[in-house]
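Colleague: Structure incoming, see below.
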Amino acid sequence: MTAHGNCRTRRPRRRAGRIAWYGDDHVERLQRIKDLQREGFSLAVIRRLLAGELEAADVPRAAAVAGAQTGDAELLTLDELATRVGAPAPLLDAVAREGLIVAQQRDGAEGYTVADADVLRAGLRLLEAGFPLPDLLALARRHHDATRAIATDAVEMFDAHVRRPIQGSDLTDDEKAERLVEAFRTLLPTVTTLVAHHFRSVLLEVAQEHLEAVGDPQELAAARGEPGWDHA
């Protein structure tokens with residue numbers, strides 16, 4: 001097996017009745033899969049790594065993506081997340097199905113982060129303010145679909161304007177890998193900041209337009225005292 005997970009030709013497993021006997025190469029491959037899962041790689045990426053289908057320069061970037069997703073923080077089960085947030089697990093399960101929180105993979109298991117707990121607490125505050133749960137879930141569904149579409153466009157732009165030019169350059173595989181990882185680690189927080197700032201600005205703009213159309217003078221006066229209101 002190479003350093004990036006390509007496997008040598010494997011001998012077929014030997015069977016004795018219903019019992020399958022595995023050789024050292026099978027055990028080595030299974031251990032490699034477990035190690036990659038612990039590093040946060042998805043099964044789809046692991047399959048491509050073991051089959052040698054990924055470019056050498058893409059392997060470190062895949063590791064950077066996995067690391068950016070999982071990080072070092074603890075992962076919580078849905079029940080643990082429910083306990084930490086103070087909400088029933090079936091409610092959180094419904095929220096997860098709508099894509100408002102997304103489970104991450106580590107050590108071959110799925111879990112949720114402390115940041116997910118913060119998001120859920122914010123959602124609970126909206127429920128306490130009077131937002132109907134079905135409407136919030138429907139909003140979360142639309143937001144997830146729209147965000148995924150934008151994320152898909154962003155990844156395709158990265159591939160077309162960053163990855164392909166680097167892969168087509170005369171750099172060594174190690175240099176290509178370094179450039180790709182550096183670009184990913186630079187662009188991920190940049191895109192995240194741009195999207196978050198834009199959403200906040202548009203939300204303030206829409207809120208201002210709505211309040212100016214239906215609000216009374218006292219509401220307008222109070223709103224104008226909020227930071228960023230006049231710049232929405």
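Colleague: Which of the residues belonging to segment 148-177 are in contact (Cβ under 8 Å) with a residue 40 or more places away in the chain and of a type in the set (Val, Ile, Thr)?
Modeller: Once the filter is applied, which keeps residues that are in contact (Cβ under 8 Å) with a residue 40 or more places away in the chain and of a type in the set (Val, Ile, Thr), segment 148-177 yields 150, 166.
Colleague: Looking at segment 110-133, I want the residues that are under 30 Å from residue 34 (Cα atoms) and have a partner that is open to solvent by 60 Å² or more (accessible area, probe 1.4 Å) with Cβ atoms under 7 Å, at least 6 apart or on another chain. Which pairs are those?
Modeller: So the pair list comes out as 111/77; 117/84.
Colleague: Can you give me the ranges of the helices (runs of 4 or more DSSP H) entirely in segment 34-138 with at least 3 residues that are modelled with pLDDT under 85?
Modeller: Details: elements: 43-51, 58-70, 78-85, 89-97, 114-128.
Per the criteria, 43-51, 58-70.
Colleague: Let me ask something else about it. List pairs: first residue in segment 84-107 and at negative phi and touching a residue at least 12 places away in the same chain (Cβ under 8 Å), second residue charged (D, E, K, R) and part of a strand (DSSP E or B) anywhere in the structure, Cβ distance under 9 angstrom, at least six positions apart or on different chains.
Modeller: Final answer for the pair search is 104/110.
Colleague: Hey, another quick one. Mind checking whether some residue in segment 144-165 is open to solvent by 60 Å² or more (accessible area, probe 1.4 Å) and outside any helix (DSSP H, G or I)?
Modeller: Checked segment 144-165: no residue is open to solvent by 60 Å² or more (accessible area, probe 1.4 Å) and outside any helix (DSSP H, G or I).
Colleague: Here is a follow-up. Conditions first: (1) in contact with a helix residue (DSSP H, G or I) (Cβ under 7 Å, 6 or more places away or on another chain); (2) within 30 Å of residue 92 (Cβ to Cβ). Residue 192 passes all but one, so which condition is the exception?
Modeller: The number of the failed condition is (1).
Colleague: I would also like to ask the following. For the subset of segment 168-222 comprising residues that are surrounded by 14 or more Cβ atoms within 10 Å (Cβ to Cβ) and part of a loop (DSSP other than H, G, I, E, B), which member is modelled with the highest pLDDT?
Modeller: 171
Colleague: Could you list, in sequence order, all residues of segment 126-143 that are open to solvent by 100 Å² or more (accessible area, probe 1.4 Å) and among the hydrophobic types (A, V, I, L, M, F, W, C)? Outline the logic, then answer.
Modeller: Initial filter on segment 126-143 (open to solvent by 100 Å² or more (accessible area, probe 1.4 Å)): 128, 131, 141-142.
Listed by number, the list holds a single entry, 131.
The values are calculated or read from the model by the stated rules, or taken from the named source; none is laboratory data. Nothing here was measured: the structure is a model prediction, and the numbers come from that model. We place every Cβ from the backbone using ideal geometry, glycine too, and count neighbours over all the protein chains shown. Ligands, DNA and RNA are stripped out before the accessible areas are found, and what is left, the full protein with its side chains, is counted by its heavy atoms. Shrake-Rupley method; radii C 1.70, N 1.55, O 1.52, S 1.80 Å.
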